[in-house]
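Colleague: The structure under discussion is supplied below as C-alpha cells; questions concerning it will follow.
A short reminder: the numbers here are calculations on the coordinates, not readings from a lab. Just so we're clear, the structure is a prediction, and the values are computed from it rather than from any experiment. No Cβ is skipped: glycine too gets one built from the backbone with ideal geometry, and neighbour counts run over all protein chains shown.
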Protein chains: 2
Amino acid sequence: MSTTELTPAEMAERTGVSIDTLRYYEREGLLSNVARADSGHRRYSDDDALWVEVLRCLRDTGMTIEQLRRYCDLGAQGDYTEPERRRILTDHRALVEAQIEERHIALALIDHKLSFYSNDEEESG
Amino acid sequence: MSTTELTPAEMAERTGVSIDTLRYYEREGLLSNVARADSGHRRYSDDDALWVEVLRCLRDTGMTIEQLRRYCDLGAQGDYTEPERRRILTDHRALVEAQIEERHIALALIDHKLSFYSNDEEESG
DNA sequence: CAACAACCTGGACTGCACTCCAGGTCAACC
DNA sequence: GGTTGACCTGGAGTGCAGTCCAGGTTGTTG
C-alpha cells in the first residue's frame, strides 16, 4: 500500500544501512523485487525500508547472511514453508535470550572488576 | 598462589579456547608471562585460566582484540593507569547494556513476527 | 632406538560481512 | 552541449579474528 519511493541515498539515510550494503543484501537475496525508475535506478518502498530494518535487527543479534537468505528463500516458496520459517525465528529467539543471559554475566564480571579499582570518583580531563 | 600447571591441551579443554587461539592471544599481548617447562612447552597457571575466561567474556560481548590489548598494556604500565582502565570497563559496560536493550527489542520483533504465523503447534519430525 | 603424540615457531590462509573501485549511464542545470 | 552528481554493474579489496600449515623439537612408550 505504500506509494513513497525512496532513492538509494534516501533509503540509506532512513535505515542507516549503506548503499553498498543495500546492494549487497539484494545480491544475496535478502531483498527482492526492488522497483526501478525508467533510468534503471532503484526506488525503494516503505515496505522495503521496514524489511531492511528487520534484517538489521536480526543481523545485529547474530543471524548470519546465510540464515537470512534461507529465511527469505522460504518466504518466496510459499505458505507450506511456514513451519520452517517459524522454527528459524524461534531458534534465533533462543539465541538472543542466551546472548542476553551471557551479557548479564558480563555485566556482573565488569562490576566485579570495577570494584577492585579505588572507589574515589575522578573527573575526566 | 596457584601451583597447578596446565598443558596447552588442558588449558584449551578448561577454557573452551583453542590452542591456536591461546597462542594468538599471547602473540597479541592479551596473555603474558606464560610459564614454560624445561622443554619449552607452555604451562598455564590457574590464574591464566581465569584471565582467559575474562578475555572470552569481554570478546564475546564485542570488545575487540585491539581494545583488550590496550587494557592489558595499561595494566602492565602501573597503577597510574587505573583511571583509563576503569574508563575502558565502564565504556564497555555501557556497550553491553545497549546490547541487552537492542536484544530486548529484537525479541519483541521476533515475537511480533511469530504472532503472524498460525498459532497451532507443530511437532517437529 | 623407532615411532608416535604433543608441542614449538613464523607465517600463510580462511570466512564473514561488508566496502571500494573502474568504467559506464542518466538527469539536471548552466 | 558539457559538466556535475547520483546511480548502475561486476568484480576486487579490506579488516577482523581466528585457524591452519610446514618443518622441527621433545619426551614417552614398546
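Colleague: Please compute, over every Cα-Cα pair in the protein assembly as shown, the percentage with a separation greater than 30 angstrom. All intermediate terms of the calculation are to be shown ahead of the outcome.
Modeller: Details: 14921 of 31125 pairs.
Percentage above 30 Å: 48.
Colleague: Now for a different question. Quick check: pseudo-label points 7 Å beyond the Cα along Cα→Cβ at B:Arg87 and A:Gln67, how many nm apart are they?
Modeller: Modelled inter-label distance: 3.6 nm.
Colleague: Right, here's the next one. Quick one: pull the percentage of alpha-carbon pairs in segment B:13-53 with a separation above 11 Å. Don't jump to the answer; show the numbers that get you there.
Modeller: On the way: 541 of 820 pairs.
Across segment B:13-53, Cα pairs with separations above 11 Å total 66 percent.
Colleague: In chain A, if the dipole is taken from +1 on Lys/Arg beta carbons and -1 on Asp/Glu beta carbons about the Cα centre, which of A:Tyr25, A:Ser115, A:Gln99 is farthest to the positive end?
Modeller: So the residue furthest toward the plus end is A:Tyr25.
Colleague: Please average, across the residues of B:94-104, the number of beta carbons from any other chain that are within 10 Å of each residue's own beta carbon, and give a whole number.
Modeller: Numbers: counts 0, 2, 8, 4, 1, 7, 8, 1, 6, 11, 3.
Partner Cβ neighbours, averaged per residue: 5.
Colleague: Still on this structure: Once the Cα atoms of helix A:82-116 and of chain A are each reduced to a long axis, what angle between those two axes, in degrees from 0 to 90 to the nearest 10, is obtained?
Modeller: Approximately 20 degrees, to the nearest 10.
Colleague: To continue, here is another question. May I ask you to report, in nm to one decimal and beginning with the shortest, the distances from B:Asp111 to the same position in the other copies, taking label points 7 Å along Cα-to-Cβ?
Modeller: From this label point to the equivalent ones elsewhere in the assembly: 2.4 nm.
Colleague: Highest mean first, how do B:78-86, A:9-17 rank when packing is the count of other Cβ atoms within 10 Å averaged over residues?
Modeller: Working: B:78-86: 13.3, A:9-17: 15.8.
With the highest mean Cβ count within 10 Å placed first, the list reads A:9-17, B:78-86.
Colleague: For chain B, go through all pairs of different Cα atoms, get the mean of 1/r, take its inverse, and jot down that Kirkwood value in Å. Write out the running numbers ahead of the final one.
Modeller: Details: mean 1/r = 0.0570 Å⁻¹.
With all distinct Cα pairs of chain B included, I get 17.5 Å.
Colleague: Label B:Asn33 and B:Asp46 with points 7 Å out from Cα along Cα→Cβ: what is the distance between them in nm?
Modeller: A separation of 1.7 nm, rounded to one decimal place.
Colleague: On to the next question. Which value results for Rg/Rh of segment A:37-93 when Rg is the Cα radius of gyration and Rh the Kirkwood radius based on the inverse mean 1/r?
Modeller: On the way: Rg = 13.5 Å, Rh = 12.8 Å.
With Rg and the Kirkwood Rh in hand, the quotient comes to 1.06.
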